[in-house]
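Chemist: Would you mind keeping the following structure in view while I ask a few things?
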Amino acid sequence: MDFLDLAQATAAVDDPATSGQDLADIAQAQPDLRAQIAAHPNTYPGLLDWLEQYGDDVVKQAVRERRAGGAGEVPFVPSSPAMTGYAPTASGPKRVWWIPAIAGTVALLLVVGIGVAIFTYSKRPGVQPSVPLPVSVTVTVITDTATAPVTETDTETQPAKTSGYTLYTNSRYGYTIEYPSNFVVAQVSDNGDGRVFTSANGAAVLTVYAGYNVMGATVSSQYSQLDKPSSIPFSRKGSDYFIASWYDGDQIVYHKEFVQSDIITVMDFRYPTAQRAKYDKIVTYMEKHFTRPE
């Protein structure tokens, strides 16, 4: 559904089954519908807070009336732990509504260009491991080598894997990550240290790579060298990793780096702010399934 279309957005707001995430997207795309969104039964408390803080007087009154009624407020947990620290600006984060490319060839050329640029960018960090999901399914395993072409083989059912994701194992350094199976490989490193994956339309770009820690870098020294804004919405440090996440124009950057005494391993995921509801879930899954070398 195209929420930039006022008729479709209005119909969605009038539908009591519309999800809280869709309502959040509509609130950004259609400011004139914010008062009606405040009254919707699936509007969760966090969205009400945002509407009250940045809405006009009519919207603020609608939020107060909703809270005074006290009925139907749906609790909502943000899709990604890293996004809970985000504080929208008064106009809301910049939004770009990505439309899937009609010409697949043109889209692929754009994807490769973006991938090459990001892959050669200075090394940076972002995300934290967590408890694996209690599900079992068959996943596709891609094993990387420094010189061989891309090869894919099916493997036996593995624990703690969810359908819709593919397991990538870097054979040179030994790190792994599960990424969406509908992503494409846009770039393979010549020296076998990593890859760039993109969504089909190039809107989201995942870069993973590793290298030897020849300079004896630490978590703190690597974090201080990260090319990021001076003030960012979210960051976290552990004994051997750090995470940083911030807005970069119309995109969200979610960056993690494992800093070990011998190897530094990086995951960098960038996606449109306008598609946050979709990609927050994906980055949450990937951060749980991004493992450093043993």
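Chemist: Could you grab me the full set of residues in region 194-211 that are farther than 16 Å from residue 167 by Cα and in contact with an Asp or Glu (Cβ under 9 Å, 6 or more places away or on another chain)?
Modeler: Once the filter is applied, which keeps residues that are farther than 16 Å from residue 167 by Cα and in contact with an Asp or Glu (Cβ under 9 Å, 6 or more places away or on another chain), region 194-211 yields 205, 210, 211.
Chemist: Got a number for residues in region 23-59 being over 25 Å from the mean Cα position of the chain (by Cα) and either in a loop (DSSP other than H, G, I, E, B) or farther than 28 Å from residue 272 by Cα (or both)?
Modeler: So the answer is 6.
Chemist: I need the full set of residues from region 1-19 which are part of a helix (DSSP H, G or I) and buried (at least 20 other Cβ atoms within 10 Å of the Cβ), in order please.
Modeler: Correct list: 9, 12, 13.
Chemist: Confirm whether residue 49 is touching a residue at least 12 places away in the same chain (Cβ under 8 Å) and among the acidic types (Asp, Glu).
Modeler: no
Chemist: Restricting to region 268-284, name every residue that is surrounded by fewer than 20 Cβ atoms within 10 Å (Cβ to Cβ) and under 14 Å from residue 164 (Cβ atoms).
Modeler: Within region 268-284, 278, 281, 284 qualify.
Chemist: For region 157-247, please list each of the strands (runs of 3 or more DSSP E) lying entirely inside it that holds at least 2 residues being buried (at least 20 other Cβ atoms within 10 Å of the Cβ) and at pLDDT 90 or above.
Modeler: Values: elements: 165-170, 176-180, 184-188, 194-198, 205-212, 234-237.
Because the criterion is at least 2 residues that are buried (at least 20 other Cβ atoms within 10 Å of the Cβ) and at pLDDT 90 or above, the strands (runs of 3 or more DSSP E) in region 157-247 that meet it are 165-170, 176-180, 184-188, 194-198, 205-212.
Chemist: Please identify the pairs in which a residue from region 271-294 that is under 26 Å from residue 170 (Cβ atoms) has its Cβ atom under 9 Å from the Cβ atom of a residue that is among the basic types (Lys, Arg) and outside any loop (DSSP other than H, G, I, E, B), counting only partners at least 6 apart or on another chain.
Modeler: That search, which allows pairs on different chains as well, returns 271/278; 287/256; 290/256.
The values are calculated or read from the model by the stated rules, or taken from the named source; none is laboratory data. Keep in mind it's a predicted model, so treat the numbers as computed, not measured. Positions of Cβ are generated from backbone atoms using ideal geometry, with glycine treated the same way; all protein chains shown enter the neighbour counts.
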